[in-house]
Amino acid sequence: MKQYDYIIIGSGIAGLYDALLLQEAGSVLILTKGSIDECNTKHAQGGIAAAISSLDSAELHFNDTIAAGAGLCDPEAVRLLTEEAADRIDDLVKFGVPFDTVNGEIALTKEAAHSVPRILHAGGDATGERIEVTLSNAARASKRITIFEYFLVTEVLVRDGKVQGVAALDLHSGSAEEFGCRFLILATGGIGRLFKITTNPDIATGDGVALAYRAGAEIIDMEFFQFHPTALRLPGVPLFLISEAVRGEGGILRNIKGDRFMLKYSSQGDLAPRDIVARGIVAEMKETGTDRVYLDVTHLPPRLLSTRFPQIYRFCLEHGLDITISLIPVVPAAHYIMGGVRTNYWGETNVSGLFASGEVASTGVHGANRLASNSLLEVLVFGKRIVERTRKGEANTTTLAKSDVYPLKERDTAAVSHPHLSLTALQSLLWDKVGIVRSGEGLREAANILAAWEKELKPPTDRPSHELANMVLVGRLMVEAALIREESRGAHFRSDFPQPSDAWLKHIVFKKTV
Ligand code: FAD
Ligand code: SIN
């Protein structure tokens, strides 16, 4: 088995940024299941939050993040996030990420629930693409970083409680291989493909959460999944995000009758936190008996729209919609998982040698609802901390704080009637029963069906079957957590428990029983 100091699974911003910093410390192997740029990162639009203007401060950013997190952020993690933000932005600038500027200064925009403009962007609304291209070019150019594309990691190898390496499937030859390492960093991204309607690309199947759970890692906050309020809905056109920054620049939500409605749901109106806007849209669609609302930017200067949002402007135009004169039909869509593999402030999990970085990790900064554009920032701040910790040659010297740990519930599924398991059946089930508005009855139904599907799974052999098995497990972790949490908080809303409860100011953690 070939040995490396570091193996990193994934080639989005988390995998690439960590690899670029770690190349000085030892040999680095990146394994990624598609081409290097197949990832959520490439699709990021709005930008990265950081308090870098004279009107802003780490304290203001801290307060906004804590407020959006609805009582469940870890204040120390948020302090690190907001105080280390400016230095991490400098790292990206040094790597060559071309942030947009005005009069020689980095340009900043506003997004929902930020009290001041603090979002850096690149290429207008092409922030993620600019980051991915810059970092992947640098990683490809490095002689110290080995990159294997089309390698699907299928297992984390653990012996005596310590990570030894990974098993992977070479997707070109179909052969199984093993690679050894001292430190393993999961940078596998999100889980949005569990849902029928999502902004996430095909790779977002929750593999990292499933791999970590099977390896004995703690999985936390899986009930907190964020739905983005505004994805373009045009018949026959692939779902496409319409950035929150569009509302930040003055875009207005209107219902099918043309009426503004968000002030009915929040005094922050169109720029309320995402969970409130997404639920406001659902309520409005129900009230008006339609399947969409509209985002209106027709009052904004056409030149602003085409230069500030070139991707959105072009995509809509290519599909027959001129947003300078027509309303944009939008719906909420599955977007981002706040929970994931539980880490401490150094990116360490409870399994020795196993780290988690990026969307797969749950560092405690997002609580029950992520503030827009804090995700790319979290990757940098905690990625850097992983690098610092492992460069000292140590792993897992700090234990995770104590919390309630639950086993994943066994369910008697003998009498459960259910459709045949397929990707579309799973995505429909999660969207319908574990979506923006949940109920105990729907969650129990989904929990039983997922448990029945899990029992029927055959040993996976190829990428689709591995991904489906991972999605069933991740779906189970999400639905069981959502059932246990009998309250509504942040992105988790239950119609049978519509209010938050102080008794639930705590986290739900799952860990495999051995
Ligand atoms: P990713 O970029 O998703 O990379 C994951 C990598 O892991 C991929 O290379 C994938 O192929 C690989 N992988 C997964 N499983 C395996 C496996 N089993 N074996 C091998 N490889 C594997 N956040 C912001 O802060 N600001 C924004 O403006 C913003 N806009 C967004 C817009 C969209 C449309 C989307 C979808 C998300 C947006 N987000 C935004 C969220 C943010 O982009 C992501 O959270 C972030 O990019 C995640 O980076 P990552 O490196 O953790 O994961
Ligand atoms: C967006 O541009 O609206 C996405 C921002 C994010 O998810 O943080």
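The values are calculated or read from the model by the stated rules, or taken from the named source; none is laboratory data. This structure is a prediction, so every number in the text was calculated from the model and none was measured. Note that we place each Cβ from the backbone using ideal geometry, even for glycine, and neighbour counts take in every protein chain shown. Surface areas here come from the heavy atoms of the whole protein model, side chains and all, with no ligands, DNA or RNA. Shrake-Rupley method; radii C 1.70, N 1.55, O 1.52, S 1.80 Å.
Structure notes:
- Of all the listed residues (G124, G128), the sole one being assigned to a helix (DSSP H, G or I), among the small types (G, A, S), open to solvent by less than 10 Å² (accessible area, probe 1.4 Å) and within 16 Å of ligand 2 (Cβ to nearest atom) is G128.
- Test: residue in the stretch 256-267 that is near ligand 1 (Cβ under 9 Å from one of its atoms) and among the hydrophobic types (A, V, I, L, M, F, W, C): no
A quick yes/no check of all residues on (1) modelled with pLDDT of 95 or more; (2) more than 16 Å from ligand 2 (Cβ to nearest atom); (3) open to solvent by 10 Å² or more (accessible area, probe 1.4 Å); (4) assigned to a strand (DSSP E or B):
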| site | (1), (2), (3), (4) |
| --- | --- |
| G190 | yes, no, no, no |
| D202 | yes, yes, yes, no |
| G208 | yes, yes, no, no |
| Y213 | yes, yes, yes, no |
| A217 | yes, yes, no, no |
| M222 | yes, yes, no, no |
| P229 | yes, no, no, yes |
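- Test: residue in the stretch 166-179 that is open to solvent by 50 Å² or more (accessible area, probe 1.4 Å) and closer than 15 Å to I203 by Cβ: yes
- Condition met for D37 (away from ligand 2 (no atom under 16 Å from the Cβ) and part of a loop (DSSP other than H, G, I, E, B)): yes
- Selection count where residues are more than 6 Å from ligand 1 (Cβ to nearest atom) and open to solvent by 50 Å² or more (accessible area, probe 1.4 Å), scope the stretch 41-54: 3
- Qualifying residue in the stretch 107-115 (condition: touching a Lys or Arg at 6+ places or on another chain (Cβ under 7 Å) and of a type in the set (A, V, I, L, M, F, W, C)): yes
- Given (1) closer than 14 Å to A139 by Cα; (2) open to solvent by 10 Å² or more (accessible area, probe 1.4 Å); (3) charged (D, E, K, R), index of the condition E38 fails: (1)
- Taken over the stretch 290-311, the criterion of being touching a Lys or Arg at 6+ places or on another chain (Cβ under 8 Å) and more than 18 Å from T109 (Cβ to Cβ) is satisfied by D291, R292, V293, Y294, D296.
- Note on the stretch 327-342: residues that are within 15 Å of ligand 1 (Cβ to nearest atom) and open to solvent by less than 10 Å² (accessible area, probe 1.4 Å) amount to 11.
- Flag for I337 being in contact with a Pro (Cβ under 9 Å, 6 or more places away or on another chain), at pLDDT 95 or above and of a type outside the set (K, R): no
Matching residues to (1) surrounded by fewer than 23 Cβ atoms within 10 Å (Cβ to Cβ); (2) on the phi < 0 side of the Ramachandran plot; (3) among the hydrophobic types (A, V, I, L, M, F, W, C):
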| residue | (1), (2), (3) |
| --- | --- |
| L380 | no, yes, yes |
| R391 | yes, yes, no |
| Y406 | yes, yes, no |
| D412 | yes, yes, no |
| E441 | yes, yes, no |
| A452 | yes, yes, yes |
| P459 | yes, yes, no |
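- Flag for A86 being open to solvent by less than 20 Å² (accessible area, probe 1.4 Å) and in contact with a helix residue (DSSP H, G or I) (Cβ under 9 Å, 6 or more places away or on another chain): no
- Filter pass, L16 being at pLDDT 95 or above, crowded, with 24+ Cβ neighbours inside 10 Å and either within 16 Å of ligand 2 (Cβ to nearest atom) or among the aromatic types (F, W, Y) (or both): no
- Any hit, the stretch 55-74, residues being among the β-branched types (V, I, T), at pLDDT 95 or above, under 13 Å from L120 (Cβ atoms) and open to solvent by less than 70 Å² (accessible area, probe 1.4 Å): no
- Considering residues of the stretch 247-259 that are modelled with pLDDT of 95 or more and touching an Asp or Glu at 6+ places or on another chain (Cβ under 8 Å) only, the residue nearest to K110 (Cα to Cα): R247
- Filter pass, L380 being modelled with pLDDT of 90 or more, within 16 Å of ligand 2 (Cβ to nearest atom) and not charged (D, E, K, R): yes
- Restricting the stretch 272-307 to residues that are open to solvent by less than 60 Å² (accessible area, probe 1.4 Å) and part of a loop (DSSP other than H, G, I, E, B), the residue that is farthest from G258 (Cα to Cα): P273
- No other residue among E84, E111 is of a type in the set (D, E) and at pLDDT below 95 apart from E111.
- Of all residues in the stretch 447-479 being basic (K, R) and farther than 18 Å from R411 by Cα, the one that is farthest from ligand 1 (Cβ to nearest atom): K458
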